[in-house]
Amino acid sequence: MSGTRVLVAGASIAGPALAHWLRRRGAEVTVVERAPELRPGGQAVDARGVTKEVIRRMGLTEAVRAARTETAGAYTVDADGKVLETFRADDDSGDGYISEIEILRGDLSQVLYDDTRDSVEYIFGDRIAGLTQDADGVDVTFEGGDRRRFDLVIGADGLHSALREMVFGPRERFVHHLGHVLAFYSVPNEFGLDRWLIDHQEAGRSAGLRPIRDAARAMAVFSFPAADLDIDHRDVAAQKRLLRERMAGLGWWTPRILAHLDDTPDFYLDQVAQVVMDRWSSGRVGLLGDAAFSSSPLSGQGTGLALVGAYLLAGELAAADWDPAAGFAGYEARMRSFVVANQEIGRLHARSRDIPGPDTEPALDFTEVWFTELIERAINGVELPDYTDVPDSGAPAVPPVTSSAPR
């Protein structure tokens, strides 16, 4: 066992996935999460291509499959509900528009937490308030008052990463908006939704419903163009007012879905954005997942980047005998082209949703070979070393440690 002490900020998907691999490689792992508990629900996320192999190596294939939404496919419809296009979950060997492995973000987070809680220290209701690093480690001050020293600190705290801003600079330097906003929340399934996602698009806006495991409810999904909108991701009331304003006049079932906006337990709205950085590390501090390289929900690969990145980051650090410079360099070298391909997919999807105007670029032909090749790079375009020369415990080794910050 290396005994290397690693602090991970964020307990959504990237953080617990990294904790799984760091633990197996011999590190002592602490995960700090500012929320008081795991956040349920959220958007549906997908596992395609090489990501499924990472899940297999984690030993979590059965658990992940058991938590799937089991969506059979998707229909696009007009304002009267007439079906325009049909996509099936088994298209493209399960790696198509609707992934064969589709799971709510909160459900995947729960699977990863359950897998790691017995061998990883989780601290809920707290966050990193400050840190200083030197040649040998990182001194961390927590908002709850604790001060501790770690060998490495990894930010897996999402698009609005506080750790990234603390170490690398203001978010405006790295967060690039793609001109659209996404919102989603659960509603009672009064629409007769079975195992099929239904989506209505009109003049750059869209409203949809997707099935979830709880057949009595469904997940509402909205999008609308907003090129220069500055959204406060903490002001939920303002976000709901904005959604109502931007969805006004949209046909199909939109008014019925919006009628549940005030009584939903899990509303979320944010700009569609990517994080673009020249480096994902600084000294002994590194970044993972959306904090480092968000490809936006429009890429369909944010979860894949998080899970693959977690595998490679832990593997490269262990292979470098926990030397941060060598480990982070290896991680970036292996991940960079995979990230670039997925971010390109996200930008192209956003462009396809733009409302045509006098300065709009010509429409792209997505049936051409270049796009097929790009999709392949985005799904499978990364090598997964076996890391046979580094430790792999393969199982939890220490008793559970779970704590909460002082209230």
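When the trypsin sites (Lys or Arg not before Pro) in segment 158-214 are filtered for DSSP coil states and for at most 13 other beta-carbon atoms within 10 Å of their beta-carbon, the remaining sites are R195, R213.
The residue list Q201, S223, W252 was ranked by how far each Cα lies along the charge dipole of segment 189-262 toward its positive end, using unit charges on Cβ atoms, and W252 comes out on top. For R5, nonlocal amide neighbours, meaning residues 5 or more places apart or on other chains whose placed amide H falls under 5 Å from its own, are E28, D151, L152.
Segment H176..D386, full-extension length gain: 72.2 nm, with 0.36 nm per residue of separation and the alpha-carbon distance subtracted. Reducing segment 315-338 and segment 164-228 to their Cα centroids gives an inter-centroid distance of 33 Å.
Across segment 178-195, computed HN-Hα scalar couplings (Karplus, 6.51 cos²θ - 1.76 cosθ + 1.60, θ = phi - 60°) run 9, x, 9, 10, 10, 9, 8, 6, 8, 9, x, 7, 8, 9, x, 5, 9, 9 Hz from first to last residue, x flagging Gly and Pro.
Heavy-atom accessible area for S352, with the other protein chains in place and a 1.4 Å probe, reaches approximately 70 Å². Among K82, K52, the sequence by solvent-accessible area, most first, with a 1.4 Å probe is K82, K52. Where the only charges are on Cβ atoms (+1 Lys, Arg; -1 Asp, Glu), what is the dipole of the chain about its Cα centre, to the nearest 20 debye? For this selection, approximately 720 debye. Among DSSP bridges having both ends in the chain, what percentage is antiparallel? Round to the nearest 5. Approximately 65 percent, going by the DSSP bridge assignments.
Considering only L243, S99, G300, and ranking their Cα positions along the charge dipole of the chain that arises from unit charges at the beta-carbon of Lys, Arg, Asp and Glu, the one farthest toward the positive end is L243. Ordered by solvent-accessible area of protein heavy atoms (1.4 Å probe), largest first, the residues V369, V272 come out as V369, V272. One decimal place: the segment V236-R351 gains 38.7 nm when fully extended, by the rule 0.36 nm per residue minus the C-alpha distance.
Going by accessible area, probe 1.4 Å, with all protein chains left in place, what is the ranking of D118, D263, largest first? Please list the in-between numbers first.
Details: D118 70, D263 105 Å².
These residues rank, largest area first, as D263, D118.
Distant-in-sequence amide contacts of D266, defined by a placed amide H-H separation under 5 Å and a gap of 5 or more residues or a different chain, comprise S186. Which one, A238, A314, A329, has the greatest fluctuation when you compute a Gaussian network model over the chain with C-alpha springs under 10 angstrom? The residue with the greatest mean-square fluctuation here is A238.
At a temperature of 10 °C and a viscosity of 1.306 mPa s, determine how fast segment 158-228 diffuses translationally according to Stokes-Einstein, using the Kirkwood radius over alpha-carbon pairs as Rh; express D in µm²/s, rounded to the nearest whole number. Can you show the working numbers first?
On the way: Rh = 14.5 Å.
In µm²/s, the coefficient rounds to 109.
Going by Cα centres, segment 1-69 and segment 73-127 are how many Å apart? One Cα centre to the other: 15 Å.
The values are calculated or read from the model by the stated rules, or taken from the named source; none is laboratory data. All figures in this text were calculated on a predicted structure; none of them were measured in a lab. Positions of Cβ are generated from backbone atoms using ideal geometry, with glycine treated the same way; all protein chains shown enter the neighbour counts. To get the accessible areas, we keep the full protein, side chains included, count just its heavy atoms, and leave off ligands, DNA and RNA. Shrake-Rupley method; radii C 1.70, N 1.55, O 1.52, S 1.80 Å.
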